[in-house]
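This report refers to the structure that appears directly beneath it.
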Amino acid sequence: MASIAPLPSQQSLPHIMLIDDNPMWLMSMSQGLRDRGFIVTEHPRISADLSELNDNPPDGLIVSEMVAGQSGFEICRKLRAHPSGAFVSVLWLSDQSDDDATRQARDAGAADYCLRTFSPTALAYRLQQLLRLSRLERSLGHGSAAESVRTKPAKAGFEWIPLRHQISGKADLFSLLEWPGQPEALRQRDLLNLVARPDRRRLWRALARLMSGGPTVRQEVEVITGPGNLRRMRIDVQEIHAGAGGPIKVCGMVHDVTPAGGSDPHIYQITHFDSLTGLPNRAWLLNHLKSKPSSSAGLRGFASIEIDRFQLVLEALGATATDRLFIEVTHRLRRLANEARVLKDDIAAGTCIEAVTYHGANALGLLMDRLKDSAAALRFARAVVDSFDEPFLVGGRECFLRASVGVHVSGEKLLDPTAWITHADHARRVATSDGGDTAILFDASMSEGEADRLDMDSGLRKALERGEMSMHFQPQYSAWDRQLAGYEALMRWERNGKMQPAGKFIALAEETNLIIPLGEWAIDETCKALAALKRLGRDDCSIAVNLSSKQLHTGTLPVVIAKALARHGVDAASLDVELTESSMMKDAERAVEALRAIRALGVGLAVDDFGTGHSSLAYLTRLPLTTLKIDRSFVQDVHSSERSRAVASAIVALAANLQLSVVAEGVETEEQRQTLMALGCDLHQGWLYAKALPLDQALLLAAEDTARRSLPVLTA
């Protein structure tokens with residue numbers, strides 16, 4: 001007997017269950033998926049009988065080969081036998097991308113596999129496609145879902161009352177929609193939530209135009225019916241009734257127009273083309289490259305394109321406007337591909353653009369053929385970058401975007417299309433890291449750098465549980481009497497007996513959102529150090545901990561800090577939070593709100609690297625700051641450069657006027673110390689005084705400083 005597909009929950013968001021024993025990966029990925037419209041539950045282990053599925057079965061599940069001593073294969077086997085697990089889409093979590101990963105996913109009964117290194121955006125896209133395909137497959141004849149498709153009516157009437165936000169109809173309407181029970185009316189939002197997201201916006205705009213006196217509505221949309229089936233339905237509005245004194249009623253029909261007997265072309269369209277732009281996607285590109293050899297007239301190339309500043313536009317204008325903007329971007333690329341006149345030189349003349357492709361989020365691609373050489377591909381890629389010089393118009397507003405492009409060219413035989421595209425992606429990431437707005441050709445050294453980066457990313461995800469992370473503390477001194485005033489807490493990572501470059505792993509943690517769990521750990525370790533200083537009788541020493549703007553914008557940072565202070569029993573006034581000037585200015589309004597909540601705890605707030613960013617002084621006066629830190633780039637030659645001395649003097653004067661403390665970073669020579677003291681800056685940190693020390697050595701330093709202070713002062 002076929003399993004019965006569970007009825008959907010009343011929530012419209014897909015529910016994903018993450019099963020993994022890596023707490024950092026769980027925390028960062030679950031937050032990333034929640035930000036992208038998923039309901040996520042995290043499980044570092046799972047019970048033998050999978051009882052976690054009983055109350056709230058997920059739509060999708062991600063599991064690895066081994067979870068806290070449990071076999072992922074066994075979890076998948078039990079999942080399929082569980083009453084609520086037969087229709088759950090499974091992604092196999094892998095540390096590698098090769099034939100073994102594919103085989104493991106297949107053997108476990110998973111629909112696909114994902115890499116630990118996937119970004120939340122890439123994983124969200126993979127999940128959306130997987131869940132949509134799963135709904136399609138169930139609607140085409142699997143189990144009882146197919147029986148319900150054959151027995152339900154092909155059309156039904158409806159009545160919509162906009163003022164009451166409700167839709168009513170006879171029993172055939174609810175049977176057509178496979179809605180549980182037989183209600184007399186549906187809420188308007190319940191029906192709209194059944195419509196696939198891109199179609200939902202289109203349908204709602206058409207209905208809004210209708211209510212404003214526009215044309216009648218005749219729309220075909222994808223509808224997710226009761227058991228999770230995906231059906232194609234046509235909505236026809238036939239008449240509008242506006243009775244005297246009564247509410248307006250809109251009457252129409254819903255027709256099921258799902259292709260009968262087989263929707264293979266429809267499945268292919270959904271799985272190989274983007275629903276918003278209509279562009280072929282990565283799956284189509286890989287199939288195309290495998291099935292169609294390059295033209296004998298030349299080489300084949302691929303350009304990987306990332307639209308820079310796209311997230312900024314999304315936050316400013318919203319998703320609907322950004323969708324329109326992305327469509328305009330694709331139209332411009334299509335025109336560029338079709339206009340041979342943009343290639344006026346002999347190098348790129350004759351280049352054929354086979355396809356413009358979509359690769360998720362803000363990524364696109366160009367497949368090129370008949371290339372003379374790599375220079376021809378790079379020439380066209382630069383034409384793509386130049387095409388973004390002209391503004392895009394969205395709703396009468398000009399938007400300026402930029403593009404980063406990576407290019408790779410193959411020989412006559414293309415043995416591994418996936419690696420070929422990956423090479424272009426490597427070059428594109430290099431272009432982005434170089435500031436964007438450029439095109440770069442792939443070379444082998446980029447692949448080696450990516451391999452090192454991948455290795456570092458994999459190690460960083462397990463660094464906390466392996467005990468490889470530590471906090472070191474660089475002393476801060478009063479320059480006049482050389483007495484210890486406090487410390488700055490700095491994160492360190494020792495891997496395989498070697499300290500990793502802080503600049504590298506911190507940047508990687510920022511990019512992968514690992515900085516959020518790492519930052520929470522750093523806050524706890526700093527409060528633990530403050531408690532140790534308190535036991536020494538040095539609660540006059542403060543410690544500043546560096547945090548990321550990503551932590552600032554989670555909305556949970558004040559709670560995290562408050563819990564750490566309470567857990568270790570330390571005074572909030574002993575803790576300072578440091579953020580860089582540029583990170584706070586990325587979203588100054590949100591920064592003001594978040595920092596005020598932190599300051600309300602009694603915690604100090606310091607601006608690190610002050611003077612290197614592009615802050616607005618108006619915002620600085622609104623931020624509840626307690627300390628400014630003069631960046632080491634000004635301290636380095638403050639004793640010999642009039643410019644650096646002028647900047648340092650201005651910062652000291654600004655701090656004095658705003659009643660803030662000021663700390664100079666990177667003090668390494670006596671000349672620097674004397675100059676800073678003359679400018680009125682008394683608090684210093686740097687190698688002239690001491691390097692960053694492990695906690696035990698930092699505590700010993702504090703004890704020695706206490707002993708020196710207790711020595712009697714000798715007088716003549």
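The values are calculated or read from the model by the stated rules, or taken from the named source; none is laboratory data. What you are looking at is a predicted structure, and each value in this text was computed from that prediction instead of being measured. Virtual Cβ from ideal backbone geometry, glycine too; neighbours counted across all protein chains shown.
Points worth noting:
- Residue in the range 332-342 that is of a type outside the set (D, E, K, R), part of a helix (DSSP H, G or I), closer than 20 Å to Leu276 by Cα and modelled with pLDDT of 85 or more present: yes
- Each residue in the range 642-678 was checked for being in contact with a Lys or Arg (Cβ under 7 Å, 6 or more places away or on another chain) and among the aliphatic types (A, V, I, L, M), and 2 of them qualify.
- Residues of the range 484-522 that turn out to be over 23 Å from Ala698 (Cα atoms), more than 17 Å from the chain's Cα centre (by Cα) and either surrounded by fewer than 21 Cβ atoms within 10 Å (Cβ to Cβ) or of a type in the set (Val, Ile, Thr) (or both), as a count: 2
- Some residue of the range 283-294 being modelled with pLDDT of 75 or more, farther than 24 Å from Asp373 by Cα and surrounded by 15 or more Cβ atoms within 10 Å (Cβ to Cβ): yes
- Helices (runs of 4 or more DSSP H) within the range 629-714 that include 3 or more residues at pLDDT 90 or above: 642-657, 670-679, 695-710
- Close pairs (6 angstrom Cβ cut-off, 6 or more residues apart or separate chains): outside the structural domain of Val88 (by TED's automatic domain parsing) and more than 16 Å from Val90 (Cα to Cα) in the range 45-61, surrounded by 11 or more Cβ atoms within 10 Å (Cβ to Cβ) and among the polar types (S, T, N, Q) anywhere: none
- Pair list, Cβ < 8 Å and 6+ apart or interchain, from the range 498-523 residues that are over 16 Å from Thr580 (Cβ atoms) to residues that are of a type in the set (Asp, Glu) and modelled with pLDDT of 80 or more: Gln500/Glu494
- Test: residue in the range 94-111 that is crowded, with 20+ Cβ neighbours inside 10 Å and either at pLDDT 80 or above or in contact with a Pro (Cβ under 8 Å, 6 or more places away or on another chain) (or both): no
- Single residue of Arg709, Arg596, Arg632 found to be within 20 Å of Asp481 (Cβ to Cβ) and among the basic types (Lys, Arg): Arg709
- Selection count where residues are within 16 Å of Ala664 (Cβ to Cβ) and either in a strand (DSSP E or B) or in contact with a strand residue (DSSP E or B) (Cβ under 7 Å, 6 or more places away or on another chain) (or both), scope the range 473-482: 6
- Yes/no for Glu390 being assigned to a loop (DSSP other than H, G, I, E, B) and in the same structural domain as His408 (by TED's automatic domain parsing): yes
- Criterion (acidic (Asp, Glu), out of contact with any His (no Cβ under 7 Å at 6 or more places or on another chain) and assigned to a helix (DSSP H, G or I)) met by exactly one of Glu465, Glu488, Glu511: Glu511
- Boolean, Arg596 is under 21 Å from Pro517 (Cα atoms), assigned by TED's automatic domain parsing to the domain that holds Trp521 and basic (Lys, Arg): no
- Check on Ala648, within 25 Å of Ala597 (Cα to Cα) and without any contact (Cβ under 8 Å) to a residue 40 or more places away in the chain: no
- Residues in the range 502-516 that are of a type in the set (Val, Ile, Thr) and over 11 Å from Ser548 (Cβ atoms): Thr512 only.
- Glu704 vs. criteria loosely packed, with under 14 Cβ neighbours inside 10 Å and under 21 Å from Gln474 (Cβ atoms): yes
- Screening the candidates Ser470, Ser458 for the property of being surrounded by fewer than 20 Cβ atoms within 10 Å (Cβ to Cβ), among the polar types (S, T, N, Q) and not in a helix (DSSP H, G or I) yields one hit, Ser470.
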